[in-house]
Amino acid sequence: MTVVVDAQGVQALFERVLPLEAGCGREPFAGFAPLCEGLQRLGVKPGRAVLVALPNGTHFVALVFALLLLGAVPIPLPYAAPPGRIRRIATLLGADLLVLPCGAAIKALDAREAGRLSSELQWARLRDVNTLPYEPGEVVLLTSGTSGIFSGCVFDSAALLRNARRHAASIGQSAADRLLINLPLFYSFAFVAQLLSSYALGNEVVLATPPFTPIHYHRRLQDLGITLSSLTPVMITALCAAGLDGLPSSLHRLTIGGDALAADLVPRLLARNPDLELYLTYGLTQAGPRVATLAAHLEPTERHASVGRPLPGVEVALAGAPGAREGELLVVTDTAMQRRIRAGEATQVPPLRGQKRLVATGDLFHIDADGYLFFRQRNPSFVMRRGEKLCPRSICEIVESLPGIVSAQAWVQPNAGPDDEVALILDVQSQDPDLDERALRQRLARILLRAEQPDRLDVTFAQHAVWQKGRR
């Protein structure tokens, strides 16, 4: 396994990063070499996993590429992850070193030591975390709710770069494009299809920090002359609701991924933007992560509900009887994860043939006679909420792992309001009379992300259970 980035290429990438404010000058990122030296002084060496909890920006990019150059293994985390969540991930993936912005609170992390890495970054070494060995050149990407909350996919960085190039070719991306990256960079979609593709092709890049708002997005496209952007279906819906789906003429290509887009929005976007190239994509983290692309602007209306055909080098099939046209989508690709770490163990994904590995997506698809993929539904164990894929069973397991909890059941209520596809309801049995709804919400706030927090939390005291104070 080899490291696939070089210092000269990384420095060139920083020189192509544009400021958000139109008319401002740009300066190359000057602190890259000192950052590498600082990491080495911390004991970062080949095969060492490091947690990265940074918002979108040059410091995120610098840290990830610095770790790869040193042969270390970056693990991007949600920037807003609460301390309890970070500690669980650190324990699961065997990474005791965390890098986060200066000013971020680290007291709740129970670090055994901490310090400054640069004027903008600080580090913390977490207590009681047994480190796991990795191979130089590997990257760990967290899965979404479809594989449970605490699950990491281990990739060869060369495979991720290969997937990025394939995706770029499928949408006609070239070095002349100016990219706006406003999806969180810990998402595999943004990390691979945007960040790594821009590194590989030499694009100019604008890095924006969430949250997404239609008016700010529209203004950035126009002021900065953005030619290529990627959004999720939730963002597209927000644009349409705000009446801002008539996009600036500078935008040549728009890609949509992360979930299925309502088919009726496709002709609306194309009608409002007749010169726009619109690409609908499908993928999942485990596959590396892009699988298929549809050039919607070139297809008839009846294919606007499709995500197109597989990328070159990617094979697909349906689980079930031979010749079936509908079933769980199976993906065979040489960019798939090498292994998955969850529940304290690593599951190897052996090559099927050559370097290709099989990934069972858990998603139900139809494949037509021309090989176009039509998404039907996700595994019913998974739901979309606030634009995130959630596994209610995983949330229940987290609740049940807390001291004093007897059981937890999750319920989903559809069409709960204008902002949520579903409402999440938790019924919890507690054997601690002091653990009421307020106290339990305070505990869950230290572990769950915002989209995972229940809308309604019903706590019942299990009087039949024996509870002894102090034995928590």
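The values are calculated or read from the model by the stated rules, or taken from the named source; none is laboratory data. Keep in mind it's a predicted model, so treat the numbers as computed, not measured. Every residue, glycine as well, gets a Cβ built from its backbone with ideal geometry; the counts of neighbours run over all protein chains shown.
On the basis of being at positive phi and at pLDDT below 85, does residue 387 make the cut?
Numbers: at positive phi: yes; at pLDDT below 85: yes.
Here the answer is yes, as residue 387 does meet what is asked.
Restricting 88, 26 to those that are at pLDDT below 90, of a type in the set (D, E, K, R), closer than 30 Å to residue 399 by Cα and surrounded by fewer than 20 Cβ atoms within 10 Å (Cβ to Cβ) reduces the list to 88.
Kindly provide the set of residues from the range 205-252 that are of a type outside the set (A, V, I, L, M), over 21 Å from residue 56 (Cα atoms) and not in a helix (DSSP H, G or I), ordered by number. Listed by number, the residues that qualify are 243, 245, 246, 248, 249, 250, 252. Across the range 344-360, what is the number of residues that are surrounded by 14 or more Cβ atoms within 10 Å (Cβ to Cβ), modelled with pLDDT under 85 and assigned to a strand (DSSP E or B)? Residues that pass the stated criteria total 1.
From the list 165, 178, 220, 127, which one is within 26 Å of residue 314 (Cα to Cα), of a type in the set (Lys, Arg) and more than 16 Å from the chain's Cα centre (by Cα)? Please lay out each step first, then the result.
Working: 178 fails: within 26 Å of residue 314 (Cα to Cα); 220 fails: within 26 Å of residue 314 (Cα to Cα); 127 fails: within 26 Å of residue 314 (Cα to Cα).
Answer to the check: 165.
For the range 273-313, a tally of residues being without any contact (Cβ under 8 Å) to a residue 60 or more places away in the chain and assigned to a loop (DSSP other than H, G, I, E, B) returns 7.
From the list 97, 109, 69, 132, the lone residue that is hydrophobic (A, V, I, L, M, F, W, C) and in contact with a Pro (Cβ under 7 Å, 6 or more places away or on another chain) is 109. When the residues of the range 172-204 are filtered to those that are of a type in the set (Phe, Trp, Tyr) and assigned to a loop (DSSP other than H, G, I, E, B), the one that is surrounded by the most Cβ atoms within 10 Å (Cβ to Cβ) is 187.
Within the range 401-422, the set of residues being at pLDDT 75 or above and more than 18 Å from residue 455 (Cα to Cα) comprises 401, 402, 403, 404, 405. Taking the criterion of being modelled with pLDDT of 85 or more, within 19 Å of residue 413 (Cβ to Cβ) and surrounded by fewer than 17 Cβ atoms within 10 Å (Cβ to Cβ), the residues of the range 437-452 that qualify are 437, 441.
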